[in-house]
Amino acid sequence: MIKQFTKLKNKNILITGGAGFIGSNLCETLLKVGAQVTALDNFATGHQHNIEAFLNKENFSFIEGDIRDLETCHKACQNQDFVLHQAALGSVPRSIEDPIRSNAVNIGGFLNMLVAARDAGVKRFVYAASSSTYGDSEALPKVEENIGKPLSPYAITKYVNELYADNFFKTYGLNTIGLRYFNVFGRHQDPNGAYAAVIPKFVMQFMKHESPVINGDGTYSRDFTYIDNVIQMNLLAITTDNEEALNEVYNTAVGDRTTIKDMAEQLRGYLSAYDAEVKNIEIKHGPNRQGDVPHSLASIEKAQNKLNYKPSHVFAEGLKEAVDWYWENLG
Ligand code: NAD
């Protein structure tokens with residue numbers, strides 16, 4: 001993958017949320033490509049350990065700061081060629097718990113970043129959108145142009161991001177691309193805390209010989225997307241020469257789905273290879289969770305056609321790599 005993106009060598013790239021799961025993975029790849037990487041993060045949900053290995057690299061700099069502060073955003077955007085905006089408060093339940101904070105960071109902070117990127121003359125502003133924008137639309141597979149009503153404050157914030165990005169292109173000519181991520185997983189994703197995503201949370205529970213609890217009967221399904229596919233989409237979005245690809249949103253997924261029950265069984269299988277006792281751990285069930293979309297499956301045709309996206313990892317391949325990483329690093 002790296003060879004294809006060598007034209008990013010020496011380019012100035014700002015990654016907001018750079019100490020988080022997706023942001024730190026983007027930093028890692030872009031540093032390898034030889035880009036001049038700046039990460040901005042306030043450690044709300046990100047971690048120092050995610051960026052520790054980059055701190056002594058001469059093409060990396062870190063700004064500890066909050067996107068709710070416009071001045072910080074202005075400072076971070078200065079001299080940047082591209083922005084990969086990842087900073088946000090993730091998690092549907094967190095947004096239901098505290099919609100005001102999610103709104104302030106995900107919408108207020110987003111708007112600050114757009115203004116700062118516009119003022120700094122950034123060439124392209126690529127941002128983390130979300131599959132939650134499909135809301136109550138039951139159509140499958142999800143096609144970019146056909147969305148429903150948002151089912152949570154988080155989903156509202158992510159949809160408003162798309163509206164603002166579109167408006168900033170039309171009003172100020174700022175080029176943007178929104179990537180609607182579908183349940184991303186992989187190395188560096190935080191397994192701890194009340195709002196942890198389901199895959200790292202279950203991995204951690206299996207490793208501690210605790211029973212994971214599936215919300216509902218486990219038949220809900222997700223287009224689980226390995227981190228390497230997401231990195232590829234971000235890099236394609238900043239390097240594409242196709243003018244028609246700009247100022248659009250793209251599903252960032254594999255185009256396949258797995259039920260939560262099957263995901264948990266596969267995880268148990270992979271981890272049993274490291275620790276035989278894991279195969280005897282019972283998988284439990286609890287009530288369905290408010291705001292959860294029952295099924296999600298993306299059409300990736302638009303990304304394939306306009307960005308030349310080719311997912312490198314199907315779900316099972318990604319899951320195996322993720323399990324290996326968790327076992328080596330946290331086992
Ligand atoms: P993450 O929580 O690991 O990363 C988010 C980062 O943003 C963290 O490092 C956090 O400290 C930082 N941040 C939060 N508030 C901030 C603020 N006010 N100022 C500066 N930094 C701040 O989550 P992630 O999974 O890496 O998510 C990255 C982006 O992708 C987010 O925008 C999220 O909404 C979006 N997204 C993620 C998924 C997924 O499955 N992981 C799915 C859809 C969309």
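The values are calculated or read from the model by the stated rules, or taken from the named source; none is laboratory data. Only a predicted model underlies this, so the values are computations on that prediction, with no experimental measurement involved. Please note: Cβ atoms are built from the backbone with ideal geometry, for glycine as well, and neighbour counts cover all protein chains shown. Protein only, heavy atoms only, side chains kept; ligands, DNA and RNA dropped before computing areas. Shrake-Rupley method; radii C 1.70, N 1.55, O 1.52, S 1.80 Å.
Tell me the label-point distance for the pair Leu55, Asp324, using the 7 Å Cα-to-Cβ offset, in nm and rounded to one decimal.
Calculated label separation equals 2.9 nm.
When the C-alpha atoms of the range 221-266 are aligned to their principal axes, what extent does each axis show, in angstrom, from largest down?
Taking max minus min along each principal axis of the Cα atoms, the range 221-266 gives 43, 17, 11 Å.
Could you tell me the calculated FRET efficiency between Gln78 and Asn242, based on Cβ-Cβ distance and R0 = 30 angstrom, to the nearest 0.05?
0.60
Picking from Ala273, Ala76, Ala128, which is most flexible by a Gaussian network model of the chain using Cα springs under 10 Å?
Fluctuation is largest for Ala273.
Calculate, in nm to one decimal, what Ile2 and Gln266 gain on full extension: separation in residues at 0.36 nm each, minus their alpha carbon distance.
Length difference between fully extended and current span is 92.1 nm.
Output needed: percent of Cα pairs per 10 Å distance bin for the range 1-62, bins running from 0 to the one holding the longest distance.
Per 10 Å bin, starting at 0, the Cα pair percentages come out as 26, 56, 18, 1.
Given 25 °C and 0.890 mPa s, compute D for the range 85-209 with the Stokes-Einstein relation, Rh being the Kirkwood radius over Cα pairs; round to the nearest whole µm²/s.
The diffusion coefficient I find is 156 µm²/s.
Might you tell me the accessible area per residue for the range 118-195, computed with a 1.4 Å probe and given in Å²?
Per-residue accessible area for the range 118-195 comes out at 43 Å².
Working only with C-alpha atoms, what are the Rg and Dmax values of the range 246-322, expressed in angstrom?
Cα-based Rg and Dmax for the range 246-322 come out at 16.4, 50 Å.
Only Cα pairs within less than 10 Å get springs; with that Gaussian network setup on the chain, which residue of Asn229, Asn112, Asn146 has the largest fluctuation?
The residue with the greatest mean-square fluctuation here is Asn146.
When the Debye formula is applied to the Cα atoms of the range 178-312, each taken as the same point scatterer, what base-10 log of I(q)/I(0) results at q = 0.13, 0.14 Å⁻¹?
Results for the range 178-312 at q = 0.13, 0.14 Å⁻¹ read -0.62, -0.70.
Just subtract the alpha-carbon distance of Tyr274 and Glu210 from 0.36 nm times their residue separation and send over the number in nm, one decimal.
Result for the pair: 21.5 nm of gain on full extension.
May I ask for the angle, rounded to the nearest 10°, between helix 260-272 and the longest principal axis of the chain, with both axes built from Cα atoms and the value confined to 0 to 90°?
Relative to the chain, helix 260-272 is tipped by roughly 80 degrees.
When the gyration tensor of the chain is built from Cα positions, what are the square roots of 5 times its three eigenvalues, in whole Å, from largest to smallest?
Semi-axis lengths for the chain are 31, 22, 19 Å.
Scan the range 194-291 for trypsin sites (Lys or Arg not before Pro) in coil per DSSP, keeping those whose Cβ has at most 13 other Cβ atoms within 10 Å, and list them by number.
Within the range 194-291, the qualifying trypsin sites (Lys or Arg not before Pro) (loop, at most 13 other Cβ atoms within 10 Å) are Lys208, Arg289.
I'd like the GluC sites (Glu not before Pro) in the range 5-79 restricted to DSSP loop residues with at most 10 other Cβ atoms within 10 Å, sorted by number. Before the final figure, lay out each step's value.
On the way: sites: Glu28, Glu52, Glu58, Glu64, Glu71; in loops: Glu58.
Within the range 5-79, the qualifying GluC sites (Glu not before Pro) (loop, at most 10 other Cβ atoms within 10 Å) are Glu58.
Between Glu138 and Lys123, what is the label-to-label distance in nm when each label sits 7 Å out along the Cα-to-Cβ direction?
4.6
Cα-based Rg (one decimal) and Dmax (whole number) for the range 91-138, in Å?
That works out to 13.6, 40 Å for Rg and Dmax.
Over the range 157-233, one equal point on each Cα, no solvent: what is log10 I(q)/I(0) by the Debye formula at q = 0.12, 0.19, 0.26, 0.28 Å⁻¹?
Here the Debye-derived log intensity ratios amount to -0.52, -0.94, -1.22, -1.27.
Considering only C-alpha atoms, what is the centroid distance from the range 118-148 to the range 260-289, in Å?
Using only Cα atoms, the two centres lie 32 Å from each other.
Out of the GluC sites (Glu not before Pro) in the range 85-184, which ones are loop residues according to DSSP with at most 14 other C-beta atoms within 10 Å?
Here the GluC sites (Glu not before Pro) that fit, given the DSSP loop and packing criteria, are Glu138, Glu145.
For a 20 Å ceiling on Cα separation, which of these pairs sit above it: Lys7/Lys32; Lys75/Lys170; Lys142/Lys302?
Cα-Cα > 20 Å for Lys75/Lys170; rest within.
What's the local net charge at Ile260, with K and R +1, D and E -1, over the other residues with C-beta under 14 Å away?
So the environment of Ile260 carries a net charge of +2.
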